[in-house]
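Structure first, commentary second.
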Amino acid sequence: MHFNSLALASLALVPSFIEAHGDIPGAPKIFGRRSTLNGVRRARTGASTFQPAISEVHDKRQTSTNTDGQCGPGFGSCAAGYCCSEAGWCGKGTDYCAAPGCRFNYGPACDDNTIPPGSSTSSVARPKLGNVLYGGAGIYDCTVAGTIAITYDDGPYIYTDHVLDVLKQYNAKATFF
């Protein structure tokens, strides 16, 4: 008995159709599990979300001598003066220490753990103004057609004057917070 490849491929999709309701009881989905569809999309684009399995879980240690091993959840921290890269390896330099990728909870030398020079601003009042949400997951899509959103968190800096000049040149309105 011979099966053609189309028949075998169809059998591979059966679990997706069986589990078509996801995590919300009684909420049907039109086509299979979201994770299956995302996996198909990743396969088409070449993106990978492979995460190696961790056989042992280690607690974060107070002190560490880890200078070139793995770090992060399940592995622990890097030694003093070292950073935990976004990929989860201890090391030094911008590839390991630059924000926002450095895992500052596991790398004591990460840029995020550096206190900038100058006096502390922790006592400066920051009252909520307007109806913009603070914190949360963020806003990633504009809701008004024809508008754009530009964000940067390095200001004021050497580029700030240029950004303001470009906005003025195009008569663009901007909100800074």
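Numerical summary
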| item | result |
| --- | --- |
| Subset of the range 57-101 (residues that are assigned to a loop (DSSP other than H, G, I, E, B), at pLDDT 50 or above and among the acidic types (Asp, Glu)) | Asp68, Glu86 |
| Filter result for Ala53 (in a loop (DSSP other than H, G, I, E, B) and at pLDDT below 70) | yes |
| Subset of the range 105-118 (residues that are over 15 Å from Thr67 (Cα atoms) and under 21 Å from the mean Cα position of the chain (by Cα)) | Asn105, Asp111, Asp112, Asn113, Thr114 |
| Every residue from the range 116-146 that is at pLDDT below 80 and of a type in the set (S, T, N, Q) | Asn131, Thr143 |
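The values are calculated or read from the model by the stated rules, or taken from the named source; none is laboratory data. All values derive from a computational prediction rather than experimental measurement.
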